[in-house]
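Chemist: Can you read through this structure? Questions will come right after.
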Amino acid sequence: MGISAESSMNKHILVVEDDADLGKIVVEILHYSGFEVEHIRDGAAALERLHTQMPDVLLLDLHLPTLSGDKLLEIIRADEKLKDLKVVVMTADSYLAESLVGKADRVYIKPLRIAAYDEIKLWLNVR
């Protein structure tokens, strides 16, 4: 299933992932599909960024330095300006992931398969 770059244009995705190599892979996959992608490696910096520029979607790891992803999600959902932000959680922590179903818009267990990226891209293009 391929999503054309044309249908993805102008969608801004903020990837919050502390693993530099994994972050680079996620950014490349989404950028190749035509999304505007920004990568931040810690939770506090991501929260600061959300207050200056709102992305269309936040792809969020949970185990982050300075501010954990689950705490960042809690702050987002409690903030009147941020609460409607689409949040996709990506984590290797299946126990914590289960607790976030219903709080995040999507929850994926790492490692993500290519089919998961295709599903995310499709979901982003139909919203």
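The values are calculated or read from the model by the stated rules, or taken from the named source; none is laboratory data. For clarity, every value in this text was computed on a predicted model and none was experimentally measured. Positions of Cβ are generated from backbone atoms using ideal geometry, with glycine treated the same way; all protein chains shown enter the neighbour counts.
Chemist: Taking the range 94-127 as the search range and keeping residues that are charged (D, E, K, R) and touching an Asp or Glu at 6+ places or on another chain (Cβ under 9 Å), which one is farthest from Ser68 (Cα to Cα)?
Modeler: Arg127
Chemist: Okay, next question. Which residue is surrounded by the most Cβ atoms within 10 Å (Cβ to Cβ), if the candidates are limited to the range 101-111 and must be aliphatic (A, V, I, L, M) and under 12 Å from Asp61 (Cα atoms)?
Modeler: Looking at residues that are aliphatic (A, V, I, L, M) and under 12 Å from Asp61 (Cα atoms), I get Ala104.
Chemist: Tell me which residues, restricted to the range 43-73, are in contact with a strand residue (DSSP E or B) (Cβ under 8 Å, 6 or more places away or on another chain), among the acidic types (Asp, Glu) and closer than 21 Å to Ala97 by Cα.
Modeler: Within the range 43-73, just Asp61 meets the criteria.
Chemist: Taking the range 112-122 on its own, how many of its residues are hydrophobic (A, V, I, L, M, F, W, C) and exposed (fewer than 12 other Cβ atoms within 10 Å of the Cβ)?
Modeler: Final tally of qualifying residues: 2.
Chemist: For the range 45-52, check the following and say yes or no: at least one residue is in contact with a His (Cβ under 8 Å, 6 or more places away or on another chain), charged (D, E, K, R), surrounded by fewer than 19 Cβ atoms within 10 Å (Cβ to Cβ) and more than 14 Å from Gly23 (Cβ to Cβ). Please lay out each step first, then the result.
Modeler: Of the residues in the range 45-52, the ones in contact with a His (Cβ under 8 Å, 6 or more places away or on another chain) are none.
No; the residues of the range 45-52 include none that is in contact with a His (Cβ under 8 Å, 6 or more places away or on another chain), charged (D, E, K, R), surrounded by fewer than 19 Cβ atoms within 10 Å (Cβ to Cβ) and more than 14 Å from Gly23 (Cβ to Cβ).
Chemist: Additional query: State the number of residues belonging to the range 9-36 that are surrounded by fewer than 21 Cβ atoms within 10 Å (Cβ to Cβ), modelled with pLDDT under 95 and in contact with a Leu (Cβ under 7 Å, 6 or more places away or on another chain).
Modeler: The number of residues fulfilling the criteria is 1.
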